[in-house]
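Derivation of every value follows stated rules applied to the coordinates shown; laboratory data play no part. This is a predicted model, so every value here is computed, not measured. Cβ placement follows ideal geometry from the backbone for every residue including glycine, while neighbour counts extend to all protein chains displayed.
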Amino acid sequence: MLVFTLKKLGLALLVALAVSMLSFALLYLSGDPAAAIAGETASDSDIEAIRIFYGFDRPLLVQYGEWLFNAVRGDFGQSYYFQLPVGQLIADRLSVTMILGVCGITFALLTAVPLGVAAAVRPNSLIDRVALFISVMGQAMPSFWFGLVLIVIFSIQFQILPPSGSESWRHFVMPTIVLGYYAMPGIMRLTRAGMLDVLSADYIRTARAKGASEMRVMFKHALRNAIIPVVSLAAVQMGFMLGGSIVVESIFALHGAGYLAWESIGRNDLPTVQALILIFSLFYIVFTFLSDLLNAWLDPRMRVG
Amino acid sequence: MKKLLAGASIIALTMVAAGSAWAGKADDTLKIAFNKELESVDSFYNSAREGVIMQHNVWDGLLYRDPYNGEYKGNLATEWEWIDDVTLELVLREGVTFHNGEEFDADDVVYTVNWVVDEKNGVKTQRNVNWMKSAEKIDKYKVRIHLKAPFPAAIEYLAGPVSIYPNEYYAKVGPSGMGVEPVGTGPYKVVKVEPGKRFVLEKFDNYHKDSPKGQPTIGNLDIRTIPDFNTQAAELFGGGLDWIWEVPADQAEKMTAMDRFTVANESTMRIGYLDMDAAGLTGTENNPMMDVRVRQAIYHAIDRQAIVDALLKGKSRIVNSACFPSQFGCTEDVTSYDYDPEKAKALLAEAGYPDGFETDFYAYRERDYAEAMMNYLNAVGIKTNLRFLQYSALREQRMKSGTPISFQTWGSYSINDASAFTSEFFKFGSLDLARDEEVRDWLDVADSSVDPETRKEFYAKALKKIADQAYWVPLFSYNSNYIFTKDLEYKPAMDDIPRFFQMSWK
């Protein structure tokens with residue numbers, strides 16, 4: 001098991017390294033970094049000075065090697081855009097994203113799993129239809145639009161929630177709903193499908209025959225088995241939320257890591273982009289790993305793997 | 001049901017009362033939105049418009065240009081005099097203090113100038129400073145600035161982007177410290193910086209009384225970056241913001257119709273233009289852009305007024321010269337080409353392209369403007385393929401191998417002198433696609449002559465030839481829409497720099 005885990009971790013780190021190398025090269029292909037840093041108003045002399053100041057005139061491999069050497073020692077360098085250490089910049093932005101991500105996935109799970117179970121217990125009933133409707137809406141509605149609708153209702157019409165910023169818990173209510181709602185349909189449908197599958201299994205009939213209460217059958221016997229793929233999906237969704245809530249962060253002016261990454265790409269702010277990519281890929285690795293552990297706990301058969 | 005509704009509205013009302021979103025006049029705080037994250041408040045280390053705004057409000061220059069009438073006045077310097085073509089002597093104002101209590105004197109000027117001109121320090125906006133060679137202290141309140149070469153626009157730069165830093169503080173904290181805890185002599189002092197996100201400013205009570213900027217009246221400024229316009233509008237409606245800018249024309253029209261806020265429109269110094277490969281950088285073999293008749297045909301083919309009326313609106317207007325009309329040396333008395341598609345077709349036929357030709361059309365912003373122009377070109381037979389790139393990618397392409405035709409803009413960094421525009425693009429720099437030696441030589445004379453009349457004469461010569469040869473199609477000036485609470489008294493200036501110290505509550 002230990003060897004297996006280590007192997008998996010090693011592989012994951014190689015993936016992270018490959019991703020970082022690729023992104024480094026891609027950023028160079030996307031435009032002259034010196035011109036991007038200098039900005040639209042720059043003259044030739046500005047760009048030349050920046051090229052030399054940041055060392056863009058050196059070979060690409062040397063630049064990447066230097067970055068990697070410093071990064072493994074925890075030094076991500078200075079952001080080209082903000083004249084600040086990347087570590088400090090990201091730590092600041094990441095906290096917002098983390099809160100949003102955790103709230104978002106919690107919201108999604110708390111709404112999706114009960115709905116999915118309810119829909120599976122009474123397939124093709126009214127509750128199933130309603131659940132289907134909610135999930136189709138969540139899938140079909142672009143989050144920027146949903147976000148604006150919420151703002152119109154809760155910030156302009158009723159004025160109970162602030163439309164932007166991250167100063168208090170009230171600022172996170174609408175972003176959580178938008179982000180969570182987007183992740184919800186997948187989780188719900190997977191729960192429903194898993195439950196339908198499990199509920200027709202022999203051991204459920206056996207459990208009922210033993211006289212187990214319906215509650216016990218549902219949660220102890222059925223849900224525990226049905227939820228395994230949901231855990232894997234939720235882990236991926238969580239990684240996605242931490243790295244990709246760009247639209248939500250931008251609409252609600254939350255200034256999280258996703259928005260920072262998006263903006264930094266446009267600015268060719270290499271050190272920031274590199275560090276964020278590394279952190280995002282580590283998130284995926286950690287969450288996938290955690291979901292494997294959780295699944296192994298839920299399903300003893302997996303512990304053998 | 002009625003009871004339920006009443007209960008719900010009471011809850012809603014209490015929550016409103018508990019909220020912090022109250023409009024500004026009551027607590028003397030002007031709540032402002034920026035659209036983009038400002039990289040660093042240190043004005044020598046950002047190239048953003050938001051940075052220029054901060055610079056004007058937090059720091060002072062040696063001189064000041066009145067944004068409404070263009071007159072130069074002393075600010076940190078009270079007198080200035082040219083000793084010779086490359087030496088400017090300035091007498092400094094006494095009794096000025098920085099926000100941190102440091103006293104302002106010649107040492108600050110000398111330190112700032114010598115720091116920014118040193119290329120090792122990597123100042124981001126080189127053009128703003130690289131005309132200076134060094135500064136020298138004569139006595140405590142007298143300095144000399146030495147230039148590398150005669151540079152008549154020096155006064156304009158000293159009144160604009162060159163602000164003076166406190167020497168002791170800057171030596172200690174450097175650009176990264178200045179970026180998070182800025183210290184200047186300006187009308188507002190910065191009390192809080194959350195990099196890129198939020199800036200809180202407070203009226204500087206010790207602001208020097210004789211400043212040409214006047215005294216600030218609004219007590220606090222709370223600036224937040226909100227990238228999405230719709231969110232800004234929602235904040236404005238809810239009282240979470242008092243002032244927004246760069247509002248899209250169609251939205252500004254709607255807001256005007258609503259009559260809840262003041263909507264002000266003012267021209268900016270940014271000009272849009274089409275740049276054509278006259279020198280054949282993309283290849284000299286069968287390159288239609290090298291033929292002056294083709295370039296003139298392109299000029300005739302585009303209805304610039306229609307684009308202004310339909311898309312830019314506001315105070316935008318068409319321009320005919322390769323500079324901003326208010327800039328020193330800029331003249332609009334040059335050949336212009338009216339919208340005449342028939343004439344365009346005739347010119348194309350004359351040049352040997354009776355059926356037109358196909359070309360890539362590059363652009364990096366305002367895709368709708370670009371597409372409008374492409375439609376006009378298609379109408380006269382020039383088939384265009386849009387290549388819409390990131391700014392940096394397009395710039396690289398232009399520097400390395402040129403582009404046949406591209407839609408560009410230039411804001412001159414709000415410098416009111418043609419040297420910041422025409423000379424930037426027609427003196428064989430990497431973005432000079434005309435490569436006209438005569439134009440370059442004239443501009444050299446105009447840029448370095450100390451006699452204003454000579455300067456005007458030579459800028460005019462250069463601009464006339466640029467127009468005759470149709471190296472560019474100058475398009476239009478941009479405009480900016482400002483929307484703010486009716487409690488606020490504010491008149492935008494043409495250089496698109498909001499000066500918060502000139503705003504007041506009604």
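Structural remarks
- Computed magnitude of the charge dipole of the protein assembly as shown (debye, nearest 20; Cβ of K, R +1, Cβ of D, E -1): 4660
- For segment B:242-259, backbone phi angles converted through the Karplus equation (6.51, -1.76, 1.60; θ = phi - 60°) give residue-by-residue couplings of 10, 8, 10, 9, 6, 7, x, 4, 5, 5, 4, 4, 5, 5, 4, 4, 6, 6 Hz, Gly and Pro being listed as x.
- Remark: segment A:169-177, residue by residue, has Karplus-estimated 3J(HN,Hα) of 4, 5, 5, 9, 4, 5, x, 4, 5 Hz, where x stands for each Gly or Pro and the curve is 6.51 cos²θ - 1.76 cosθ + 1.60 at θ = phi - 60°.
- Computed on chain B, with alpha-carbon pairs under 8 angstrom and 6+ residues apart, the relative contact order is 20 percent.
- Long-range amide H partners of A:Phe56 with built H, under 5 Å: none
- With both labels modelled 7 Å from their Cα along Cα-to-Cβ, the B:Asp309 to B:Lys36 distance reads 3.2 nm.
- A straight line joining the Cα centroids of segment A:16-62 and segment B:84-101 runs 38 Å.
- Only helices enter the 222 nm calculation for chain B: every DSSP H run of n ≥ 4 contributes -39,500 (n - 2.57), and dividing by all residues gives -9500 deg cm²/dmol, rounded to 500.
- Here the 3J(HN,Hα) profile of segment B:359-374, calculated from phi with Karplus coefficients 6.51, -1.76 and 1.60 at θ = phi - 60°, is 8, 7, 10, 9, 7, 9, 8, 6, 4, 5, 5, 4, 5, 4, 5, 4 Hz, Gly and Pro shown as x.
- Cross-link partners of B:Lys506 among lysines, defined as those whose alpha carbon lies under 16 angstrom from its own and excluding same-chain residues fewer than eight positions apart: B:Lys25, B:Lys31, B:Lys486, B:Lys491.
- Across chain A, Cα pairs under 8 Å and at least six residues apart give a relative contact order of 26 percent.
- Distance from segment A:235-305 to segment B:280-335 (C-alpha centre basis), Å: 48
- Computed over the alpha-carbon pairs of the protein assembly as shown, the distance histogram in 20 Å steps reads 14, 41, 33, 11, 2, 0 percent, short to long.
- Think of it this way: in the protein assembly as shown, A:Cys103 stand alone, with no other Cys Cβ under 4.7 Å.
- Max-minus-min Cα coordinates of segment B:20-128 on each principal axis give 57, 33, 32 Å, with the largest extent listed first.
- Taking label positions 7 Å along the Cα-Cβ direction at both B:Glu285 and B:Ser336, the computed distance is 4.1 nm, reported to one decimal.
- Using distinct alpha-carbon pairs, which all enter the 1/r mean, Kirkwood radius of segment A:13-88 in Å: 13.6
- Length gained on full extension, B:Glu94 to B:Asn375: 95.1 nm, using 0.36 nm per residue less the C-alpha separation.
- Inter-chain neighbour count for A:76-88: the average number of beta-carbon atoms from partner chains within 10 Å of each residue's beta-carbon is 4.
- Alpha carbon centroid spacing (whole Å) that separates segment B:382-411 from segment B:106-151: 35
- B:Trp505 sits among other residues whose Cβ lies under 9 Å from its own Cβ, and their net charge, with Lys and Arg +1 and Asp and Glu -1, is -1.
- Sequence-separation-based contact order of segment A:1-133, relative, with Cα cut under 8 Å and 6+ spacing, percent: 10
- P(r) tail for segment A:49-166: Cα pairs beyond 24 Å make up 58% of the total.
- Long-range amide H partners of B:Glu37 with built H, under 5 Å: none
- Mean residue ellipticity at 222 nm, helices only, chain A: -24000 deg cm²/dmol; runs of at least 4 DSSP H residues each add -39,500 (n - 2.57), and the sum is divided by the number of residues.
- Listed residues A:Pro163, A:Asn225, A:Val149: farthest to the positive end of the dipole of segment A:146-229 (Cβ charges): A:Asn225
- Extending 7 Å from Cα along the Cβ direction at A:Val15 and again at B:Glu119 yields two label points whose distance is 4.6 nm.
- Extension gain, A:Thr106-A:Leu196: 0.36 nm per intervening residue step, less the Cα-Cα distance, totals 30.1 nm.
- Whether segment B:302-447 is rounded, prolate or oblate, judged on the alpha carbon gyration tensor where a/c under 1.5 counts as rounded: rounded
- Residues B:Ile218, A:Ile151, A:Ile127 arranged by fewest to most Cβ contacts within 10 Å: A:Ile127, B:Ile218, A:Ile151
- Beta bridge orientation in chain B: antiparallel %, DSSP, nearest 5: 75
- Averaging 1/r over each pair of different alpha-carbon atoms in segment B:370-436 and inverting the result gives 13.8 Å, the Kirkwood hydrodynamic radius.
- DSSP-defined beta bridges in the protein assembly as shown - what % are antiparallel, rounded to 5: 75
- A:Leu27 sits among other residues whose Cβ lies under 13 Å from its own Cβ, and their net charge, with Lys and Arg +1 and Asp and Glu -1, is -2.
- Here the Kirkwood formula puts the hydrodynamic radius of segment B:311-357 at 13.5 Å, using every distinct Cα pair.
- Fewest-first sequence of B:Cys323, B:Cys330 by Cβ atoms within 10 Å of each Cβ: B:Cys330, B:Cys323
- Mean partner shielding of peptide B:218-231, defined as the number of other chain Cβ atoms within 10 Å of each residue Cβ, is 4.
- Once backbone amide H atoms are built at 1.01 Å from N, B:Ile32 has B:Asp222, B:Ile223, B:Arg224, B:Asp242 as its partners under 5 Å, excluding neighbours fewer than 5 places away on the same chain.
- Charge dipole magnitude, Cβ of K and R +1, D and E -1 - segment A:172-281, Cα centre, debye nearest 20: 700
- Among residues other than B:Gly314 with Cβ under 13 Å from its Cβ, the summed charge is -2 (Lys and Arg +1, Asp and Glu -1).
- Using the empirical formula 2.2 N^0.38 Å as the baseline, the Cα radius of gyration of chain B reaches a ratio of 1.07.
- Going from the fewest other Cβ atoms within 10 Å to the most, the residues B:Leu221, B:Leu281 appear in the order B:Leu281, B:Leu221.
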